[in-house]
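The values are calculated or read from the model by the stated rules, or taken from the named source; none is laboratory data. Because the structure is predicted, anything quoted here is derived from the model rather than measured. Because the Cβ atoms are built from the backbone with ideal geometry, glycine has one as well, and the counts that use them run over all protein chains shown. Note: areas computed on protein heavy atoms with side chains; ligands, DNA, RNA excluded. Shrake-Rupley method; radii C 1.70, N 1.55, O 1.52, S 1.80 Å.
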Amino acid sequence: MRIGVVGYGTGGRHFHAPFIRAARGVELAGIVARAEATVARARADHPDVRIYPSLTEMLSDGMDAVTVTTPPQTRRELVLEAIAAGVPVIADKPFAPSAEAGRELDRAAKAAGVPLGVFHNRRLDADVLTLRKVVDEGRVGRLWRLHSRMDLDDPDTLEAGETGGLLRDLGSHLVDQALWLLGPAVSVHASLDHVDRPDGRTDAGFVLSLMHADGVRSYLSASKLNRLAVREFVVYGDRGSYASSGTDVQAQAIFAGLRPADDLAVWGYERPELWGTLRTADGAERIPSEQGRYHDYYEAFAAAVRDGGDPPVTAAEAIRTLEVLDAARISAAEGRVVELRNVMPPGDQPRPGDEQASRTVRRNGEAT
């Protein structure tokens with residue numbers, strides 16, 4: 001599959017192009033970049049790849065699929081352009097500014113018969129995959145609650161204004177992970193930390209409390225301005241707990257200049273001294289890291305297009321994440337719990353840790 005990347009900022013350069021290069025059956029066939037400095041970086045990084053000034057020109061060259069990873073305010077028009085051209089498209093997160101805007105894109109893709117996927121790549125983080133394995137194997141028993149914390153010391157990347165904010169940014173990842181791990185949410189309570197910037201007021205931190213349809217609660221929090229760098233999971237169940245506090249191992253490797261295609265066999269594993277710990281009546285056990293594998297997203301997307309299946313993250317799943325984010329904004333503004341509609345009732349799905357759950361791979365409440 002020949003894939004073109006639209007946009008070569010942090011997302012395109014660090015989280016898309018290297019993993020397209022590492023994915024089997026996929027080729028990085030083009031990059032859309034306009035600013036002179038961005039074009040120069042793209043050419044230096046990928047001298048064998050053609051650089052285009054626009055999506056229109058790249059599509060005219062015949063791409064099998066495109067990834068749109070431009071700033072959020074430009075994403076809608078580019079996704080619709082690819083759909084209109086009949087080209088399968090991956091939209092970066094945040095998928096859309098609201099759930100309703102996401103539904104518009106989903107309707108357009110379905111009407112055109114074009115596959116539309118969303119790049120919620122952090123389902124493929126090493127720590128998330130390790131946690132998923134612990135939960136699916138029933139190691140902590142019936143789940144009670146999950147705590148997920150992502151604090152980054154990264155103030156320069158906080159975007160202000162209506163299309164910015166940390167809730168749209170890291171919130172997209174943390175909410176998607178929670179829904180993927182625990183199934184759909186039925187209510188949201190949120191608090192947001194705001195800051196005034198020269199380019200507008202925005203949320204710079206958040207704490208979310210989600211009640212999931214099966215009675216499990218998740219607590220999600222993040223910050224970028226508080227000079228903290230912590231990635232932490234703690235999950236509690238009726239047989240014990242599992243806790244991990246590791247590094248953002250794939251991102252750190254990319255920013256250090258490493259690439260997964262250089263040595264995929266050793267890529268994406270957390271260091272043994274940072275492995276998570278399972279605690280039960282049998283004692284404490286260090287759990288070896290699963291491999292972080294962002295490149296799996298592209299392999300799965302290519303297979304879905306080839307075989308006519310669903311993308312690894314569907315627009316419908318991304319819309320459910322947006323519904324939670326929309327509800328979180330209302331909750332924070334009005335100081336109340338916001339109920340969510342259109343969720344699966346508790347009796348229709350297994351609880352995490354149940355025997356059935358350990359035999360299935362659930363995706364936002366859907367057993368596959």
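Under the criterion of Cα pairs below 8 Å and six or more residues apart, the relative contact order for the chain equals 21 percent. The DSSP beta bridges internal to the chain are antiparallel in roughly 65% of cases. Excluding same-chain neighbours fewer than eight residues apart, the lysines reachable from LYS110 by a Cα-Cα span under 29 Å are LYS93.
Taking Cα atoms only, the orientation of helix 99-112 departs from the longest principal axis of the chain by about 60 degrees. Counting only aspartates and glutamates at least 8 places from LYS224 when in the same chain, those with an alpha carbon closer than 12 Å to its own are ASP151, ASP153, ASP154, ASP156, GLU159, ASP169, ASP193, ASP203. Helix 36-45 and the long axis of the chain differ in direction by around 70°, with both axes built from C-alpha atoms. Seen from SER54, the other residues with C-beta closer than 14 Å to its C-beta sum to a net charge of -2, counting Lys and Arg as +1 and Asp and Glu as -1.
Packing-based ranking of 315-327, 102-114 yields 315-327, 102-114, ordered from highest to lowest mean Cβ neighbour count within 10 Å. In plain terms, the chain from ARG24 to GLU77 could stretch by 16.1 nm, reckoned as 0.36 nm per residue minus the Cα-Cα distance. Each 10 Å bin, from zero up to the one with the longest distance, holds this percent of the alpha carbon pairs of the chain: 5, 24, 34, 27, 9, 1, 0.
The angle separating the long axis of helix 295-307 from the principal Cα axis of greatest extent in the chain is about 70 degrees.
Ignoring ligands, DNA and RNA, what accessible area per residue does the range 2-92 give at 1.4 Å, in Å²? Dividing the accessible area of the range 2-92 by its residue count gives 41 Å².
Rolling a 1.4 Å probe over the protein heavy atoms of the chain, with every protein chain left in place, gives an accessible area that is 49 percent carbon and sulfur.
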